[in-house]
Structure formats: structure tokens, C-alpha cells
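Written out below as C-alpha cells is the structure these notes cover.
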Amino acid sequence: MELDPIEIMEILKEKGITHLYHANTVQTASSFIKAGGLFSRGAMEDAEYLQTPQSSDELDKQFNVWYDIFLDSSDLHSLFNRQNHYGPVLFKFDVEILSQEGLPPLWVTTTNPIYWDENSKEEERYFQSTQEVNEGYTDTSYRQMITLRNTSSPLLFEPYLEEIILDNPGVRIGDVILKKKASEALAEVIAENDYILKNVKKRMRKCSNCWCKENYLRQRTASELKLAFYP
Ligand SMILES: [Zn+2]
């Protein structure tokens, strides 16, 4: 069910949530930067922007979320001390982004669509009222997601984007140092386009007591790492 974005923003703030996040690969993030905002997977495909295939793509189409933009209410990498499964680039927005005019219809999922069943009903997939969100939404959830639905328009970066954070996997493939490859690619696309303002912080993530480096090294193949970190 479509929910009032201002009411949802106020509920999130009351729960101490000040920012919204979107993680993606270097390649898809670069396309967002070229285009000036986040796009739904469907809109990216229609506009023939480069985007990295995700294992959830077929389910996204089946469950009618292909044209939706997904936002998390926490930095899942920091929260769970592991890399974000959707990619090493994180866009961090002020939660006030939900107050902007012309926002696509806002729905809040009860779980991540990868856990949906083809027989599950809409009320099982989405919160049905702001009251339900107030009672059921937790800031440490990684399955409950804010979605902006059925949109081919971008969720513009300006003026709510605060930071772009890149993982340092600490891995090289042959002679290619992934951290260097990815950060140079992002710096280049940022310099070539006017959409990322000077006040947006660009930084390499600093982790302590985190599994990401270990996971990148031991649980990801070279081709998976290339998909995540190559432009
Ligand atoms: Zn980490």
C-alpha cells in the first residue's frame, strides 16, 4: 500500500533514523553519477545505461519491483560487519529526501523481495499503514526496505546526497589493485559530470573488526570481484 512519505519520514526520525542508503556496484554507481541520481533497474535498462546484473533481477521482474528504487535505513556494512551484497559503493542520503515534491509512490516492504513467495499476498509483502510501520519497522532491519515504486524518473542526488563511501577490499587480481581501480573509476566519472557537488564527501570505508576483507578474499571469485569493483 502506498504510504504518506512525510508521515514515514517522521516515524523514521522518531526511531533515530537520520539517513537512507543505497548500495550498488562500481559500474552501476558510475551510471547513477552520470545520470544525476538513483534509478530503478527497469529505468536503467530502458535508458540503456550500463548496470551490473544482479542475481535478484528475475525475481524483481516477477514480483513487480523492477521499476522500484530501493533504500535501506541503515549502513548494512557497518551494522553487520560485512560487505553489502549489492555492491561496494554506498550512497548516503539525508532522510529529508522523502520530503521532496514529486517523490514516486512510497511503499515499505516487510521483508526483502528475495524472501517473497509467489503466493504471498500484498499485505504480507508490504506494510499496510503508517501505524504498522511505526509498530513493526526497526532501524536494524535489513529486510524491511523503503521503496519508491513504478518510476522511470531518477531520485536526484541534489541536495540530499551527503556521502559516497567505497569499500576497500584489500584484494588485487593479478596486477590490478581493486581499491585503486574502483576509486579511480569513481573519481573520473565524478569529475566528468556536474551532479556530485563539492560538499558531498567521498571516502574509502575504514573498517575494524569487520569480515569484509576476509569475505572478499575467500568467498568471492575473481569474476565476482570484477563485477563488483570494475567500472
Ligand atoms: Zn568492512
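The values are calculated or read from the model by the stated rules, or taken from the named source; none is laboratory data. Keep in mind that what you see is a predicted model, and the values were worked out from it rather than measured. Note that we place each Cβ from the backbone using ideal geometry, even for glycine, and neighbour counts take in every protein chain shown.
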Notebook entry, point to check: Can you name the number of the only condition in (1) of a type in the set (Asp, Glu); (2) exposed (fewer than 14 other Cβ atoms within 10 Å of the Cβ); (3) modelled with pLDDT under 95 that Asp46 fails?
Noted result: (3)
Margin query: Checking the structure you have, find out if any residue of the range 134-143 is among the acidic types (Asp, Glu) and in contact (Cβ under 8 Å) with a residue 24 or more places away in the chain.
Written below: yes
Check: Which one of these does Asn168 not meet: (1) buried (at least 19 other Cβ atoms within 10 Å of the Cβ); (2) under 17 Å from the mean Cα position of the chain (by Cα); (3) of a type outside the set (Phe, Trp, Tyr)?
Finding: (2)
Check: Can you tell me how many residues in the range 156-185 are more than 14 Å from the ligand (Cβ to nearest atom) and either part of a loop (DSSP other than H, G, I, E, B) or in contact with a Ser or Thr (Cβ under 7 Å, 6 or more places away or on another chain) (or both)?
Finding: 7
Checklist line | Every residue from the range 200-231 that is touching a residue at least 24 places away in the same chain (Cβ under 8 Å), assigned to a loop (DSSP other than H, G, I, E, B), away from the ligand (no atom under 16 Å from the Cβ) and more than 20 Å from the chain's Cα centre (by Cα) | finding: none
Check: Within the set of pairs 6+ apart or on separate chains, which have a first residue in the range 2-14 that is within 16 Å of Gly102 (Cβ to Cβ), a second that is modelled with pLDDT of 95 or more and of a type in the set (Lys, Arg), and C-beta atoms under 9 Å apart?
Finding: Glu2/Arg149
Next item on the list: Quickly run through the range 85-128 and pick out the residues that are at pLDDT 95 or above and acidic (Asp, Glu).
Entry: Asp94, Glu96
Margin query: When you check Lys201 against the structure, is it surrounded by fewer than 17 Cβ atoms within 10 Å (Cβ to Cβ), among the charged types (D, E, K, R), over 21 Å from Tyr49 (Cβ atoms) and at pLDDT 95 or above, yes or no?
Written below: yes
Next item on the list: Output the residues belonging to the range 11-43 that are of a type in the set (Lys, Arg) and either crowded, with 21+ Cβ neighbours inside 10 Å or touching a Pro at 6+ places or on another chain (Cβ under 9 Å) (or both).
Entry: Arg41
